[in-house]
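To start, the structure under review is shown below, and the notes come after it.
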Amino acid sequence: MKTKNVMIVGVGGQGSLLASKLLGRLLLTKGYDIKVSEVHGMSQRGGSVVTYVRYGDKVYSPIIDRGEADFIVSFELLEAARWTEYLKPDGKVITNTQQINPMPVITGVAKYPEKLAEKMSDAGIDVDAFDALALAEEAGSAKAVNIVLMGRLSNYFDASVDEWMRAIEESVPAKFLEMNKKAFELGRNFG
Amino acid sequence: MKKLMLGNEAVARGLFEAGVSFVSSYPGTPSTEITEAVAKYDEIYAEWAPNEKVAMEAAFGACLAGRRSFCGMKHVGLNVAADPLFTIAYTGVNAGIVIGVADDAGMHSSQNEQDSRHYAMASKIPMLEPSNSAEAIAFTKLAYELSEKFDTPVLLKMCTRVSHSQSVVEPGERVEVKKEYEKNGAKFIMMPGNAKKRHPIVEERTAALTEYAETADFNILEDGADKSIGIITSSTSYQYVKEVFGDKYPVLKLGMVWPLPVKKIQALSGSVDKLVVVEELDGFIEQHCRNIGVEVSGKDVFSCIGEISQNLVAQKFGKETVCGAAVSDEIPARPPVMCAGCPHRGLFYTLAKNKITVMGDIGCYTLGAVPPLSALDSTICMGASISGLHGFNKANEGASDGKTVAVIGDSTFMHSGMTGLVNIAYNGSNSTVIILDNSITGMTGHQQNPTTGYNLKGNPASKIDLETLCRAMGINRVAVVDPYNLAECETVIREELEADEPSVIISRRPCALLKYVKHRKPLVVKTDKCKSCKMCMKIGCPAISMEGGKAKIDATLCTGCGVCEQLCKFDALVGEEE
């Protein structure tokens, strides 16, 4: 199989490392060659962060370049718009509609663009935008946004719900398992 | 069993399997997780040293004692450890010693993007360079075999993309290695008479390693049908080349980047029309090719600045790449910021407000340079704040004493700030040093250090008393402030700057991200009292924004530190009592 590419983007501290860990576990059980590239260090401090997940028969590069991503899964709306150049022509953006102001917007030197989801659609980008934060809170914790987004992604993925659930069991602490399973289902079945 | 493993965790696994029993490191992105992962193996003694020089010397002592040892650091850490490096290159080893160094092309979390390969050539020791996690395990183990076979320390070079990528590995078993220590002054006492005899041995060793490089199976020639181009590459650049071209062109993948083979490169050169070196940062392999009379292309095509990627390789070889669509709006940058509740914020606000010149250092607090605080004037390397302040004040002959300070974190002060402070006391500059004691090594992700009272494994350890230490080094004025208390910060900073002798201010508050730190409830905004003066916006807190002309606090981020509360003249920001 030709290498497939998933980018997970967001704001440092939003929990994208757990999402990539879950995806990695799932793909490993499917027997793929996998590479997952993470961000550590300074950029984690509230900065724009990106994780690359690549899988296929043989994966060489650890990163995803412009025009290569099959999916961009975004924890935040502005971050989704930041990375769309990395999308394949037939790729898909799955994004939380939550907005987190970056410091230049907070200090007033820049503006947070309005109606970004619509503008991405207008630019010809296939966008699935929804309020993942609300669903995470419904599941029991705002921190479950990552699992809600993975639930959403699962609709487009060649893996059964059972396989996803097993990967979730291996990736989250037991006491949060039920909440995360619910978050996954809410993300998967929303809308 | 197959597992996904981070490159740095794979190095740790390699250390475990190679029978390493001693590891001493100093944290630094992107190298930190090697030693954190090592700490999970009970079979290996592991520690955070105060700095990389101490780590390397300790690892050398362990190797002398007959145990395989390791020290890990980032590229700039190798500068700190360069002194022992160049001389243990002469002594060679008893049991094997490997030095892990992680470069940061693209400067994701560094102050420069120096190329560590120059150190291998300059210190005359071999350097292995894995390109994924499986190789990280294999090359780490191999490094110990080479270290003992060729009687040399071995450098293991990582980079951000190999260190921080997970790929598939199959872990193996551990072998135990132990050698006896025997006194051997001619080999291990490097005074001139002995060192003169060791240097020729070092040169012979490089010649032997060069010969070994010709046939070693980690320098692989992967054949390709199209001989119009041949490519020489290593590390993550190899992955980009294979991503773009697969098996099209012959590719010489170098697993050992020093010393480099001669005949192997000359043979490849003779079999292709054109030879291109694809390597990140400097034209290191390229220069070697030129030195051995092989004509190559390299830095005339690829920049010596920043990282390479698959699209960049494709474009440089004339292949088209695609680019996804984008919205036409300008997307505001999202630079890293000091966290909500960061104890550095109140101190930096006070410094900026009083227009004080601030010599900065390496750590989270470098983010004090970012608007709206914009509180820093310089950042060079670990410890440079204090030594730089001394030179600045001496050169100004007293004119800057009362309005210039150095800021340095607790871990950085332990690393290389102490000697600078001794210089201030000894050579008498009227300087004020602020130690930002947040009780942890923050930026690299919470590592213990000699001031925290805990060691790498989380066990209680001897705790350095900063106040006593500073006094012992000859500083008579040592004050402690709580950086959440703006009035106290202001008073003490003014007092110490006005004082007619050197002083140290310890700004003490644990990092807000530490699990044991208890936070107050988030503040609330009394919108009827908010006059939209935006005073609270001057501290660059990510939890505060303006909405509809009124201050707004993000309750999911606010830790209740109360710094903004003290700035509000209208009592519009309200927190609970402590």
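The values are calculated or read from the model by the stated rules, or taken from the named source; none is laboratory data. Since the structure is predicted, the reported quantities are computational estimates derived from the model, not experimental observations. Glycine gets a Cβ as well: all are built from the backbone with ideal geometry, and neighbour counts include every protein chain shown. Note: areas computed on protein heavy atoms with side chains; ligands, DNA, RNA excluded. Shrake-Rupley method; radii C 1.70, N 1.55, O 1.52, S 1.80 Å.
Note on B:S328 and A:D158: with the Förster distance fixed at 35 Å, the Cβ-Cβ geometry gives a FRET efficiency of about 0.50. From the residues B:S271, B:G306, B:F245, which one has its Cα farthest along the dipole of region B:220-316 in the positive direction, the dipole being from +1 and -1 charges on Cβ of Lys/Arg and Asp/Glu about the Cα centre? So the residue furthest toward the plus end is B:S271.
Computed about the Cα centre, the dipole magnitude for region B:3-215 is approximately 520 debye when only Lys and Arg (+1) and Asp and Glu (-1) carry charge, each at its Cβ.
Determine the share of region B:385-459's accessible area contributed by carbon and sulfur atoms, expressed in whole percent, with a 1.4 angstrom probe. Here it works out to 51 percent. Between the helical axis of B:344-353 and the longest alpha-carbon principal axis of chain B there is an angle of about 60 degrees. Accessible area of B:C381 (1.4 Å probe, protein heavy atoms only, ligands and nucleic acids ignored): about 60 Å². Is there a pair in B:K149/B:K183; A:K111/B:K526; A:K35/B:K124; A:K4/B:K2; A:K143/B:K457; B:K521/B:K552 whose C-alpha atoms are over 23 Å apart, and which pairs would that be? In this structure, A:K111/B:K526; A:K35/B:K124; A:K143/B:K457 exceed 23 Å between Cα atoms. Below 22 Å, Cα to Cα, which lysines can B:K355 reach? Residues fewer than 8 away in the same chain don't count. Here the lysines satisfying the reach criterion relative to B:K355 are B:K394, B:K403, B:K534, B:K538, B:K569. Taken about its Cα centre, the protein assembly as shown carries a charge dipole of about 460 debye when Lys and Arg each add +1 at the Cβ and Asp and Glu each add -1 at the Cβ. For B:M158, the residues whose amide H sits under 5 Å from its own are B:V101, B:A102, B:D103, ignoring neighbours fewer than 5 places away on the same chain, with H placed 1.01 Å from N. Computed over protein heavy atoms with a 1.4 Å probe, the accessible surface of region B:3-215 works out to 34 Å² per residue.
Between the residues A:A136, B:T451, B:A213, the greatest Cα displacement towards the positive end of the dipole of the protein assembly as shown, with unit charges on the Cβ of Lys, Arg, Asp and Glu, is found for B:T451.
Roughly how many Å² is the accessible area per residue of region B:344-508, as a whole number, for a 1.4 Å probe?
On a per-residue basis, region B:344-508 sits at 38 Å².
Computed from phi, the 3J(HN,Hα) profile of region B:503-519 under the Karplus parametrisation 6.51, -1.76, 1.60 (θ = phi - 60°) reads 8, 10, 10, 9, 8, 10, 6, x, 3, 5, 8, 5, 4, 7, 6, 8, 9 Hz, with x in place of Gly and Pro. Note that region B:249-256 has calculated 3J(HN,Hα) couplings of 9, x, 10, 8, 9, 9, x, 10 Hz, one per residue in order, obtained from phi through the Karplus relation 6.51 cos²θ - 1.76 cosθ + 1.60 (θ = phi - 60°); glycine and proline are x. In this structure A:E169 has an accessible area near 90 Å², from a 1.4 Å probe over the protein heavy atoms. Take the accessible area of chain B alone and of chain A alone, subtract that of the pair, and you get about 4500 Å² summed over both chains, using a 1.4 Å probe. Think of region B:344-508 as a dipole: +1 on every Lys or Arg Cβ, -1 on every Asp or Glu Cβ, centred on the Cα centre; then among B:S439, B:T404, B:S429, B:S439 lies furthest on the positive end. Ranking B:M546, B:M1 from most to least accessible surface, computed with a 1.4 Å probe over the protein chains only, gives B:M1, B:M546. Taking all protein chains into account, the per residue accessible area for region B:220-316 stands at 35 Å² (1.4 Å probe). Take B:K157: with every protein chain present and a 1.4 Å probe, its accessible area is about 20 Å². Between 0 and 90 degrees, the angle of helix B:133-149 with respect to the longest Cα principal axis of chain B falls at about 70 degrees.
Shape class of region B:523-575 from the Cα gyration tensor (axes a ≥ b ≥ c, square roots of the eigenvalues): rounded, since a/c falls below 1.5.
Just to make sure I understand: if all protein chains stay in place, what is the order of A:Y156, B:Y41, A:Y52 by accessible area at 1.4 Å, largest first? Could the numbers behind the result be given before it?
Details: A:Y156 90, B:Y41 40, A:Y52 20 Å².
Of A:Y156, B:Y41, A:Y52, the descending order of accessible area is A:Y156, B:Y41, A:Y52.
Once the chain from B:A499 to B:A267 is taken as fully extended at 0.36 nm per residue, the excess over their C-alpha distance is 76.4 nm.
For chain B, find the longest principal axis of its Cα atoms and tell me its angle to the long axis of helix B:384-395, 0 to 90°, nearest 10. Roughly 70 degrees, rounded to the nearest 10.
Classify the protein assembly as shown as rounded, prolate or oblate from the Cα gyration tensor: take a ≥ b ≥ c as the square roots of its eigenvalues, call it rounded if a/c is under 1.5, otherwise prolate when a/b beats b/c and oblate if not. Verdict is oblate for the protein assembly as shown.
Tell me the GluC sites (Glu not before Pro) within region B:288-321 that lie in a loop according to DSSP and have at most 11 other beta-carbon atoms within 10 Å. Intermediate values should be presented prior to the final figure.
Values: sites: B:E295, B:E307, B:E320; in loops: B:E295, B:E307, B:E320.
Sites meeting the loop and neighbour criteria: B:E295, B:E320.
The 1.4 Å probe gives accessible areas that order B:T210, B:T215, B:T412, largest first, as B:T215, B:T210, B:T412.
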